[in-house]
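First up is the structure itself, then whatever we jot down about it.
The values are calculated or read from the model by the stated rules, or taken from the named source; none is laboratory data. In this text, all values refer to a predicted model and were calculated from it rather than measured experimentally. Counting neighbours? That spans all protein chains shown, and the Cβs are built from the backbone with ideal geometry, glycine included.
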Amino acid sequence: MILTDEELIRWGFPEDVWFHVDKVSSAHVYLRLHPNETLDDVPQAIITDCAQLVKANSIQGNKMNNVDIVYTMWDNLKKTQGMDVGQVGFHKDKEVRKVRIEKRLNEIVNRLNKTKTEEHPDFRKMREDRDRQERECQKQKALEQRKKEKELEEQRKQEAEKR
């Protein structure tokens, strides 16, 4: 799926992991985790696959050996005025991880390219739908919590009356 960097940066999900060749122009690869998953939950094989895709889709990085790929959670990306299109910074450098790719592994890239599909999703709508679902889920949890508190209060009243 080919998107503009700005769309991805603006409408990413908090559970997205962003990959990029360090200090060299490259494509951005996004990996969407399940809610509440962290970078520590991502298997090394998946990180390697994403890193190989980023390297393969970098004009300069593809020709280099021993290239570093940086990755971090989407919500650690920082976009400020004056930055070029596609350029980002980080809120917390300590939350940025690196993996070194010694050379391009064509078997990985070829395997991934066989599963490639091209879509043109509406990222804004996807993000708004996700946020709406999350708000509804939090609202439901709050209702359940209030119901439990009410039941607990009723139990306490009944126990107090028995005494």
Unmet criterion (only one of (1) of a type outside the set (Gly, Ala, Ser); (2) over 19 Å from VAL17 (Cβ atoms); (3) not assigned by TED's automatic domain parsing to the domain that holds LEU31) for ARG127: (2)
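Looking at LYS79, LYS103, LYS55 in this structure, which one is in contact (Cβ under 8 Å) with a residue 24 or more places away in the chain and crowded, with 17+ Cβ neighbours inside 10 Å?
Working: LYS79 fails: crowded, with 17+ Cβ neighbours inside 10 Å; LYS103 fails: crowded, with 17+ Cβ neighbours inside 10 Å.
On inspection, the qualifying residue turns out to be LYS55.
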Give LYS98, LYS92 a once-over and let me know the one that is farther than 21 Å from VAL54 by Cα, modelled with pLDDT of 90 or more and in the same structural domain as ASP40 (by TED's automatic domain parsing). LYS92
Name every residue in segment 105-129 that is aliphatic (A, V, I, L, M) and assigned to a loop (DSSP other than H, G, I, E, B), in order of residue number. LEU105
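Taking the conditions exactly as written (surrounded by 12 or more Cβ atoms within 10 Å (Cβ to Cβ), at pLDDT 95 or above and under 15 Å from ILE9 (Cβ atoms)), does TYR71 satisfy them or not? Break it down stepwise before answering.
Numbers: surrounded by 12 or more Cβ atoms within 10 Å (Cβ to Cβ): yes; at pLDDT 95 or above: yes; under 15 Å from ILE9 (Cβ atoms): yes.
Yes.
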For TRP11, all conditions in the list (1) modelled with pLDDT of 90 or more; (2) surrounded by 19 or more Cβ atoms within 10 Å (Cβ to Cβ); (3) touching a Lys or Arg at 6+ places or on another chain (Cβ under 7 Å) hold save one; what is the number of the exception? (1)
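Which one is surrounded by the most Cβ atoms within 10 Å (Cβ to Cβ) among residues in segment 34-52 that are in a loop (DSSP other than H, G, I, E, B) and at pLDDT 95 or above? Give the steps one after another, and end with the answer.
So the first thing to find is which residues in segment 34-52 are in a loop (DSSP other than H, G, I, E, B), and the list is 34-38, 42-43.
Okay, now just the ones that are also at pLDDT 95 or above, so 42-43.
Details: VAL42: 16, PRO43: 8.
Ranking the candidates gives VAL42 first.
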Just checking, which of ASN76, ASN62 is under 15 Å from PHE19 (Cα atoms) and touching a His at 6+ places or on another chain (Cβ under 7 Å)? ASN76
Pairs, first under 17 Å from PHE13 (Cα atoms) and touching a residue at least 40 places away in the same chain (Cβ under 8 Å) in segment 32-48, second of a type in the set (Lys, Arg) and surrounded by 11 or more Cβ atoms within 10 Å (Cβ to Cβ), C-beta under 8 Å, six or more apart: LEU39/ARG97
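Go through GLU128, GLU118, GLU134, GLU95 for me and flag whichever is surrounded by fewer than 11 Cβ atoms within 10 Å (Cβ to Cβ) and either over 22 Å from ASN62 (Cβ atoms) or of a type outside the set (S, T, N, Q) (or both). It would help to see each step written out before you state the result.
Working: GLU128 fails: surrounded by fewer than 11 Cβ atoms within 10 Å (Cβ to Cβ); GLU134 fails: surrounded by fewer than 11 Cβ atoms within 10 Å (Cβ to Cβ); GLU95 fails: surrounded by fewer than 11 Cβ atoms within 10 Å (Cβ to Cβ).
Just one listed residue meets the conditions, GLU118.
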